[in-house]
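Visitor: Please see the structure below; I have some questions.
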Amino acid sequence: MKVLGILGSPRIGGNSDVLLDQALAGAREAGAEIEKIILSQKKIAGCLDCGKCNETGICVIKDDMGEIHKKVLEADALIHSVPVYFWAMTSQMKAYLDRWCAFFDEQWGMQKAYRPKFKEKKIGLITLCGDSNTSAGDPIVHSFKNTSDFAGLTWVGVVQASASSKGEIARNEAVKKKAFDLGKKAATP
Ligand SMILES: Cc1cc2nc3c(=O)[nH]c(=O)nc-3n(C[C@H](O)[C@H](O)[C@H](O)COP(=O)(O)O)c2cc1C
């Protein structure tokens, strides 16, 4: 069982990072092999909608997303963690998600070659926001939940938290436990 954590915040050691680490610790406790990708340390251009991937399943843009595509395909579970920036996900996470285009064919069906890889794959989400009302993260949940359904993934749930200063969430034991349990659930067959 491989669990891949994908960090959409550029703030290393920030709130999304702290909760993602908790989720990955939960996955490790459940026996999974874990890996974390920090999107802000990668070069990921926006999708060009050139349509070339419709035939090949491979994106023409030569950047770090090629390697990330492979890791997403190989993982049994994906956990994304991202803060709210202006009522939406960060640009790093959006560029990454748009590049999922390569997994689909012309009719927006899953590429045949990838269907077995996506069939059993699980997906979970963590959102952070400065607003005391964690529903500020709902547009991100909407985006990931729909993408999950569209790609035929198994949704394991979402943890939504509120914090502002860097790493402040580390003092919130209740939400850390929720993130840990999300990771554990993602790693449990
Ligand atoms: C550019 C920018 C835009 C933000 N926009 C929002 C917002 O629209 N709503 C909100 O609740 N918090 C907003 N925040 C606050 C962050 O979501 C919050 O500080 C979060 O804890 C950051 O997570 P991180 O430590 O993982 O980077 C914004 C922060 C930045 C830097």
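Visitor: Can you give the net charge of the other residues whose Cβ lies under 13 Å from the Cβ of ASP76, counting K and R as +1 and D and E as -1?
Guide: +3
Visitor: Follow-up question, since we're still on this one. Kindly work out what percent of the DSSP beta bridges joining two residues of the chain are antiparallel, to the nearest 5.
Guide: Percentage antiparallel, nearest 5: 5.
Visitor: Here is a further query. When the dipole is taken about the Cα centre of the chain, and only Lys, Arg (+1) and Asp, Glu (-1) are charged at their Cβ, what size is it in debye, to the nearest 20?
Guide: In debye, rounded to 20, the chain gives about 280.
Visitor: Which angle from 0 to 90°, rounded to the nearest 10, does the C-alpha axis of helix 65-74 make with the longest principal axis of the chain?
Guide: The answer is roughly 80 degrees.
Visitor: What number, in percent, do you get for the relative contact order of the stretch 1-45 if the mean sequence gap of Cα pairs under 8 Å and at least 6 apart is divided by its residue count?
Guide: Rounded, it is 55 percent for the stretch 1-45.
Visitor: Next up: Amide H neighbours of GLN160 under 5 Å, counting only residues 5+ apart in sequence or on other chains, H built in-plane at 1.01 Å?
Guide: Placed amide hydrogens put THR127 under 5 Å from GLN160.
Visitor: Next question, about the same structure. Report, in listed order, any pair from LYS2/LYS166; LYS119/LYS166; LYS112/LYS145; LYS52/LYS185; LYS94/LYS185; LYS112/LYS178 with a Cα-Cα distance greater than 31 Å.
Guide: Beyond 31 Å between Cα atoms: LYS119/LYS166; LYS52/LYS185; LYS112/LYS178.
Visitor: Can you bin the chain into rounded, prolate or oblate? Criterion: square roots of the alpha carbon gyration tensor eigenvalues sorted a ≥ b ≥ c, rounded for a/c under 1.5, prolate for a/b above b/c, oblate for the rest.
Guide: Prolate.
Visitor: Of the listed peptides 82-95, 31-44, what is their order by residue-averaged count of other C-beta atoms within 10 Å, with the highest listed first?
Guide: 82-95, 31-44
Visitor: Let me ask something else about it. Rounded to the nearest whole Å², what accessible area per residue is found for the chain with the 1.4 Å probe?
Guide: Value for the chain: 49 Å² per residue.
Visitor: What percent does the relative contact order of the chain come to when contacts are Cα pairs within less than 8 Å and at least six residues apart?
Guide: It rounds to 32 percent for the chain.
Visitor: Please tell me the relative contact order of the stretch 1-76 in percent, rounded to the nearest whole number, where contacts are Cα pairs under 8 Å and at least six residues apart.
Guide: 38 percent
Visitor: Sort 56-67, 154-165 by the packing proxy (mean of other Cβ within 10 Å over each peptide's residues), most packed first.
Guide: By packing density, highest mean first, the sequence is 154-165, 56-67.
Visitor: A further question follows. How would you order 98-108, 169-179, 118-128 from highest to lowest mean count of nearby Cβ atoms within 10 Å?
Guide: Peptide ranking by packing, descending: 118-128, 169-179, 98-108.
The values are calculated or read from the model by the stated rules, or taken from the named source; none is laboratory data. Not measured: the values here are computed from a predicted model. Cβ sites come from the backbone with ideal geometry, for glycine too, and all protein chains shown count toward neighbours. Note: areas computed on protein heavy atoms with side chains; ligands, DNA, RNA excluded. Shrake-Rupley method; radii C 1.70, N 1.55, O 1.52, S 1.80 Å.
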